[in-house]
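First the structure, in the form of structure tokens, and then the observations on it.
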Amino acid sequence: QKRVADRMAMVTTSKIYEAIAKVADMQAQGIKVDSLTAGEPDFDTPAHVIDAAIKAMREGDTHYTAVRGTLAVREAVRQKFLRENGLSFSDDEVMVGNGSKQVISNALAVTLEPGDEVLLPVPYWAAYTGMVYAAGGVPAFVRPSGDRLTAQELRAAMGPRTRWFILNTPSNPSGLVYTKDELLALGEALRERPDVLILSDEIYEHLHYTPERPESLLKLCPDLAGRILVANGVSKAFAMTGWRLGFAAGPADIIEAMANLQAQTTLGPSSISQAATVAALNGPRESIDNMVTAYHRRRDLVMQIAKSHPGVKIPRPDGAFYAMLDLNEAFSGGTRFRKIAEPDMAFCEWLLATQHVAAVPGSVFGAPGWVRISFATDEKTIEQGLSRLLTAAVQS
Ligand code: PLP
């Protein structure tokens, strides 16, 4: 007897969590593993944010809140967009949810008709595909010929059923950041398709290693305001992944539908997390600066280690805390993985079992032959783990 709906066939647990669980098992058995899998900061939430949460709890801020979030958090979100992105939103154009993951998922759920397509540049954050399927849609993939998608490639990839285009910059998993000119060009292509909605996932905006900040597509193309939804949150910039607080800003009709869905499912996120988010968004920036300085140093370390393994290409990540390693050449030149369809999958399993190094196979992000590493970990782990990974790949 069939009990689970057909649409769930494509909604499976993430391979990333499987890898992380395997690492935890090995560590519990006393095996030392260098893990390059982390999808979250290895820093603690800033003290002033924690103090604000404790104060909120003590003062009785422990009840249901408005579905879209308290007035204070909505105001903090609006001010953040104004101050940091030069974007002005009215109160009915913003909301908070349980992580930006929930707000993105809700946005897809309230807009997709069965069979509608969501266009994702490869490599893409794996969770988008699950959310799209769960909402009854179908992911469609566009593979850039270079590192980043061009306007021409976007134009050619948008089909009659394309409902959304998702842009994630700085990107998970590649760490690539679109330049202002590249975004302006994508905006040109999107202008030609007024029926396509655009999700701009800006969760890594603060984590960049370029002198200039990543630009928001909406700031560069204000005429697209009626159809760009910006998703962001406190998880990555403030090391607050466990607080589950994300936010969205965009067209009021979509925000209203997202809030209606949230009202009938989870309601607003934890009142305590909302109070903490007000403190994070309105508070001092030193913690972000310190984390970015550390990530920047680690990014440089990754590139330096990569240099001594010329058989491996790593497009330099200018943002987020990930790098994608192109191991195709190493796999095809070796013996162990050359004839396998998704050599990265077999390689990562073998790497963990024999070298005690954990990384995420690129196939998870639509990029077979590649492997994602995270540098949200200490320099010693990066140095030892990445060196062993690259040596093993080249010798395999
Ligand atoms: N978007 C991207 C690209 C991510 O990598 C992540 C987390 O890994 C998120 C969104 C979701 O973050 P959260 O739900 O913690 O706000």
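Could you list, in sequence order, all residues of segment 354-380 that are hydroxyl-bearing (Ser, Thr, Tyr) and either surrounded by fewer than 23 Cβ atoms within 10 Å (Cβ to Cβ) or on the phi > 0 side of the Ramachandran plot (or both)? Before you say what the answer is, go through the steps one by one.
Kept after step one, since they are hydroxyl-bearing (Ser, Thr, Tyr), are these residues of segment 354-380: 354, 363, 374, 377.
Once the filter is applied, which keeps residues that are hydroxyl-bearing (Ser, Thr, Tyr) and either surrounded by fewer than 23 Cβ atoms within 10 Å (Cβ to Cβ) or on the phi > 0 side of the Ramachandran plot (or both), segment 354-380 yields Thr354, Ser363, Thr377.
Identify, please: which residue in segment 97-140 is within 16 Å of the ligand (Cβ to nearest atom) and among the β-branched types (Val, Ile, Thr) and is, among those, surrounded by the fewest Cβ atoms within 10 Å (Cβ to Cβ)?
Val122
Among the residues that make up segment 141-151, is at least one of them among the basic types (Lys, Arg), within 14 Å of the ligand (Cβ to nearest atom) and surrounded by fewer than 24 Cβ atoms within 10 Å (Cβ to Cβ)?
Quick first cut of segment 141-151, residues among the basic types (Lys, Arg) only: 143, 148.
Add one more test, that the residue is within 14 Å of the ligand (Cβ to nearest atom), and what stays is none.
The answer is no, given that none of the residues of segment 141-151 is among the basic types (Lys, Arg), within 14 Å of the ligand (Cβ to nearest atom) and surrounded by fewer than 24 Cβ atoms within 10 Å (Cβ to Cβ).
Which one of these is out of contact with any helix residue (DSSP H, G or I) (no Cβ under 9 Å at 6 or more places or on another chain), touching a residue at least 24 places away in the same chain (Cβ under 8 Å), of a type in the set (A, V, I, L, M) and under 29 Å from Ala225 (Cα atoms): Ala259, Ala263, Ala279, Ala252? Even if it seems obvious, please write down each step before you answer.
Numbers: Ala259 fails: out of contact with any helix residue (DSSP H, G or I) (no Cβ under 9 Å at 6 or more places or on another chain); Ala279 fails: out of contact with any helix residue (DSSP H, G or I) (no Cβ under 9 Å at 6 or more places or on another chain); Ala252 fails: out of contact with any helix residue (DSSP H, G or I) (no Cβ under 9 Å at 6 or more places or on another chain).
Answer to the selection: Ala263.
Does any residue of segment 55-63 turn out to be outside the structural domain of Arg163 (by TED's automatic domain parsing), outside any loop (DSSP other than H, G, I, E, B) and more than 23 Å from Leu261 (Cα to Cα)? Steps first, answer last, please.
First pass over segment 55-63, keeping only residues outside the structural domain of Arg163 (by TED's automatic domain parsing): none.
No, there is no match, as no residue in segment 55-63 is outside the structural domain of Arg163 (by TED's automatic domain parsing), outside any loop (DSSP other than H, G, I, E, B) and more than 23 Å from Leu261 (Cα to Cα).
The values are calculated or read from the model by the stated rules, or taken from the named source; none is laboratory data. Remember, predicted model here, so these are calculated numbers, not experimental data. When we count neighbours, we look across all protein chains shown, and the Cβ atoms used for this are built from the backbone with ideal geometry, even at glycine.
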